[in-house]
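Reading through the structure tokens given below for one structure.
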Amino acid sequence: MTRRMTRYFLAFLALALPAAGWAQADLTPAIRAYNQEQYDRAALHLYNFISSSGQGGDRARAEFYLAQTLEKLNFLESAKFHYGQIVQAGPTHPYYVPSVEGLIQVAEAQDDDVILPSFLDREYNESFQRLRPEFLHKANYFVGVASRAAGDLEGAEAFLLTIPPESSYFARARYLLGIVQIDKGQAAGTIEAMDEASEVALAYFNQVLELSGSHYADLRDLRDLARLGLARTYYGLGDYAQAVKYYEEIPRFSRYWDQALFENGWARFMNDDYGGALGTLQALHAPQFAGAFQPESWTLKATVYYTACLYDEAKEALDLYAKNYSQYARTIQPILATDREASYYYRLISDPAERQKLPRAVYNHLAANRRVAGFNRYIAQLDAEIAAISELASFRGSPLREELIQVAQQQKNLLENVAGSFI
């Protein structure tokens, strides 16, 4: 529990004790259990109090501290559900602001960058300005993420621009602003607009590269993404030498190195450096990338050889492409042609038996995707939470147990469908 949470709970104790006699009697067991670090018993007492009481300040306190207690038990989805209930009740709830902060804190622990942004986008109102600065910056970032996903590029830009350099999310916001600029240029559809947007995007990506400091979230990863952004933007502008420069700055052990090798092959080819293009492809076709899904790399290789008038080598590259990939369409098409629930496609990744239906390289490509990996982590957390709630002896026979299992299971079902649709 953070110091903030401890202060809130101590305030809860002070406020609860002077309450009416019946309320004080009902809340005392929860207070005692919490102080003795018996959080499971405290949660049960708080839940029973909420179920049996009417409206009022004591009920509102109990609702908030039930969420806090569940978070203390590491039942993060359960805590998020109860924080969310308070937020959905509206700004008149006395614990509205700390519940928004609790939601953000729990979602960070879950690595949830899908559900929370949409929720905050729906609930955002002027009361968010009462959040403490760092939580407000994070809320604005998540709403910016949701706005971009919904195609509201102007709204995304407006929210992301509010995030200052002192925020831990500043690097995230600057990188995403670069992506938003590229989106805006493409949406405009003219060469002039795309070039202008690209110049602005380059500035944002360079800002990320210039940042230093341990307080920035994901800075190492974002610096590699910014290099990719710079390389791709320069490629789009036709400045292939600069594109090569930034592709080659991506470290060998970066998760994006294989992607950078492939794209750098195109940049070198477009820069009339055929030997350099073949060199990057040779690295990409090394044994360490066996099982990787890189079909276009073989057509690029054939194109380089053909342009250099090395026709036998071009044919050999095309033959290898056909050998490695020609059967993939026949394997994948039946899977896509059948009308199935979205969750089925998630099971192609998560279920060892189902994944055998996919070619190895296709499975590796999907499983390594950053978004799919995030879904996997989140769903694994939900499985662990369901198991922990089910096994907690003190919860057996309590309606709270059934409610929390149902909450986590419904979220798991939702995520499996979202992940399946993405896959």
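The values are calculated or read from the model by the stated rules, or taken from the named source; none is laboratory data. Only a predicted model underlies this, so the values are computations on that prediction, with no experimental measurement involved. Every residue, glycine among them, receives a Cβ derived from its backbone with ideal geometry; neighbour counts consider all protein chains shown. What goes into the accessible areas is simple: the full protein's heavy atoms, side chains included, and nothing from ligands, DNA or RNA. Shrake-Rupley method; radii C 1.70, N 1.55, O 1.52, S 1.80 Å.
Scanning segment 256-299 for residues that are part of a loop (DSSP other than H, G, I, E, B), under 26 Å from Arg371 (Cα atoms) and at pLDDT 90 or above yields one hit, Tyr256. If you scan segment 162-173, which residues turn out to be within 14 Å of Phe205 (Cα to Cα) and open to solvent by 30 Å² or more (accessible area, probe 1.4 Å)? The answer is Arg172, and nothing else.
Annotation for segment 232-248: at least one member residue is in contact with a helix residue (DSSP H, G or I) (Cβ under 7 Å, 6 or more places away or on another chain), open to solvent by 60 Å² or more (accessible area, probe 1.4 Å) and free of Cβ contacts under 8 Å to residues at least 24 places away in the same chain.
Contact map, segment 194-218: first residue of a type in the set (D, E, K, R), second residue exposed (fewer than 15 other Cβ atoms within 10 Å of the Cβ), Cβ cut-off under 9 Å, separation 6 or more or different chains; pairs are Glu196/Ala188.
Checked across segment 400-409, the condition of being within 30 Å of Ser254 (Cα to Cα), touching a residue at least 60 places away in the same chain (Cβ under 8 Å) and either in contact with a Ser or Thr (Cβ under 8 Å, 6 or more places away or on another chain) or among the charged types (D, E, K, R) (or both) holds for no residue. The residues of segment 302-349 that are under 18 Å from Gly279 (Cα atoms), open to solvent by less than 60 Å² (accessible area, probe 1.4 Å) and among the aromatic types (Phe, Trp, Tyr) amount to a single one, Tyr305.
Being surrounded by 21 or more Cβ atoms within 10 Å (Cβ to Cβ) and of a type in the set (D, E, K, R): is that true of Arg220 here? No, not satisfied. Among the residues of segment 223-255, those identified as more than 23 Å from Asp272 (Cβ to Cβ) and in a loop (DSSP other than H, G, I, E, B) are Pro251, Arg252, Phe253, Ser254, Arg255.
Condition check ((1) modelled with pLDDT of 95 or more; (2) part of a helix (DSSP H, G or I); (3) surrounded by 15 or more Cβ atoms within 10 Å (Cβ to Cβ)) across all residues:
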residue: Ala361; (1), (2), (3): no, yes, yes
residue: Gly374; (1), (2), (3): no, yes, yes
residue: Ser390; (1), (2), (3): yes, yes, no
residue: Ile405; (1), (2), (3): yes, yes, yes
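Return yes or no: is Leu414 among the aliphatic types (A, V, I, L, M), part of a helix (DSSP H, G or I) and crowded, with 16+ Cβ neighbours inside 10 Å? No, not satisfied. For segment 183-202, a residue qualifies if it is under 15 Å from Ser147 (Cα atoms) and crowded, with 19+ Cβ neighbours inside 10 Å, and exactly one does: Lys184. Residues of segment 215-255 being small (Gly, Ala, Ser), at pLDDT below 95 and out of contact with any Asp or Glu (no Cβ under 7 Å at 6 or more places or on another chain), which ones? The one that is small (Gly, Ala, Ser), at pLDDT below 95 and out of contact with any Asp or Glu (no Cβ under 7 Å at 6 or more places or on another chain): Ala217.
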